[in-house]
Amino acid sequence: MGERGEEWEAVMLRKAEEEESKAVKKVKLVTSDGVTMEVEISTVKEMETIQAFMNATDTDNSIIFPLPKVSSHILSRIMELMSGEYDQELVKRLSHEELKEICMVANYLNMKTLLHLTASAIANLIQNKSVEFVRHFFNIINDFTPEEEVQLRKTHEWAFEGVDED
Amino acid sequence: MQLRLRSLEFDRTLTIKVPNSCSLQQLIDTLSHTIASSPTLGSAEVKTVEMVDRSDEAMVVSTNSEPFFVRRLLKEALVDDLYDFKRLVFMVHQVVLDHGFVRIDKDSGRAVSCFHSFDDFPSPFSSMLSLRYTLPEILVDGGSHSVNLKFQTLGHFVNVCGGLSDDTGSRLHYVCLDKRKYVRLLEFILANGESKGYGKEVFEMVKMVKDRVALPLLMDVCEKGGLDLPPCFMKLPMELKGLILERVPGVDLAKVACTCSELRFLCSGNEMWKKKYWEKFGKKYWEKFGKKYLEKNGGESKEGVFKDLFALSWQTNTKKTKCLQRIVLLSDMLTTELKTRQLLDK
């Protein structure tokens, strides 16, 4: 009888544990401007940096993860993109600043899909543009001497046909 | 002009007479005075307002209490051309403030604190307006660099043009906004909240103002005032820049290499160009032409060899296409010539 009781207890314990893990776990993300965002654990799966941290520590239901490099504005944009399954249309609507910020955050959190998406979006901005446009657009300071630049343009002459109007 | 205010709760109507040509301030004063002194309407929420004019009528449904209602009335009922202009100017102004600018007085160069709401606009309000902005950091340092933003309404469009105010030779940044497209949407969103799905167009407009005017101006003024540049492509970590450049086609990569020395370096890797070559020309080309070229020119490990190969292949490719085009053109000419001759012979 005593043995059976113990067995019973063990079964119940396992059941309780299973149920606990079935309940949707939430992760709290704290942004640089002090906003706390509660997201489901499935959302965080793509954020490999956080995932690695959670694997290393024993996770309980209320995990808080500070993101000192991410503003709440950018995080909400990222959530939008994730819930929209990385729709190209959504990416097109981002301003250049947002695009750059999101790219950095994707790199920091090691979100592969998002990183590739934003990198491609920025690469698309460069396509078919003149040197002057790229310089101005990305605020690149020309540090070549005039002679150097003439030389460079000469060697790259082949690439200068059919450039879009700025 | 007669205005009729109706309270649905009390089922009472109040008629207010306003001179046909009255200023905004006068209208606000008259309305708030009348509402406050009316025993029923003063305490109740005004639900419906009808504006009765000789020519056109406007209907406004309001569910808020009166001070807000008065503002709303002005926003929605008085939709004359200048107000559309004003609304867009205010939008742009907000975007510029969002980028950390402060508005300053043209003559004194001091910060102007007012003008944070739609009703603070300078009067008289004409079809041209010029506002001056600077950054707080520049003001603190006692610097005088600032940017000028000019607004002009022409027909359905509002032109916004900005540039450094103390450097007439500097680059100007333009954006043109369509009043028909954006003002109604803005009004609609103000009245119904953003959830109705009309946010997209307005968002696009804000993005346009941001990317074409506000951000370039910020860059210009930072450069002029010797401040740290705003976040931009160059501030990205090296590896991210590399990741982005990997996705740029070879021909554009060559152009990027001409922008500055850092990017020239990032765009010169052999591995990078090898990839670009394979992407663009593929195996067939490689077997036929690339392999031999590499053997002749020092093998795969030689610095820059893949870039040269890419350039050469690109050039021959474009030459080929041009030749083909010429051949097609010539054959076309020949066939028509032949046809005419045949016709003549007959």
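The values are calculated or read from the model by the stated rules, or taken from the named source; none is laboratory data. Everything quoted here is computed from the prediction, not taken from an experiment. FYI the Cβ positions are ideal-geometry reconstructions off the backbone, even for glycines, and counts take in every protein chain you see.
Among the residues making up the stretch A:46-72, those that are at pLDDT 85 or above and not in a loop (DSSP other than H, G, I, E, B) are A:E48, A:S72. Being basic (K, R), outside any helix (DSSP H, G or I) and closer than 21 Å to B:A257 by Cβ is a condition met by at least one residue of the stretch B:292-307. The selection criterion, being aliphatic (A, V, I, L, M) and surrounded by 15 or more Cβ atoms within 10 Å (Cβ to Cβ), holds for A:M104. The residues of the stretch A:74-91 that are of a type outside the set (S, T, N, Q) and in contact (Cβ under 8 Å) with a residue 24 or more places away in the chain, listed by number, are A:I74, A:L75, A:R77, A:I78, A:M79, A:L81, A:M82, A:Y86, A:V91.
Does at least one position in the stretch A:133-156 carry a residue that is within 7 Å of chain B (Cβ to nearest Cβ), more than 23 Å from B:L217 (Cβ to Cβ) and aliphatic (A, V, I, L, M)? Looking for residues that are within 7 Å of chain B (Cβ to nearest Cβ), more than 23 Å from B:L217 (Cβ to Cβ) and aliphatic (A, V, I, L, M), one finds at least one in the stretch A:133-156, hence yes. Away from chain A (no Cβ under 14 Å), closer than 29 Å to B:L243 by Cα, in contact (Cβ under 8 Å) with a residue 12 or more places away in the chain and aromatic (F, W, Y): which single residue out of B:F310, B:F306 fits that description? Matching residue, one of B:F310, B:F306: B:F306.
Only one entry of A:L75, A:L13 meets the criterion of being at pLDDT 85 or above and part of a helix (DSSP H, G or I), and that entry is A:L75. Taken across the stretch A:109-122, residues that are in contact with a helix residue (DSSP H, G or I) (Cβ under 8 Å, 6 or more places away or on another chain), of a type in the set (D, E, K, R), surrounded by fewer than 17 Cβ atoms within 10 Å (Cβ to Cβ) and facing chain B (nearest Cβ under 7 Å) do not occur at all. Meeting the requirement of 2 or more residues that are at pLDDT 80 or above and within 29 Å of A:V150 (Cβ to Cβ), the helices (runs of 4 or more DSSP H) wholly within the stretch B:197-284 are B:215-225, B:238-246, B:250-256, B:261-266.
Any residue at all in the stretch A:86-105 that is assigned to a loop (DSSP other than H, G, I, E, B) and more than 9 Å from chain B (Cβ to nearest Cβ)? For the stretch A:86-105, residues assigned to a loop (DSSP other than H, G, I, E, B) and more than 9 Å from chain B (Cβ to nearest Cβ): present.
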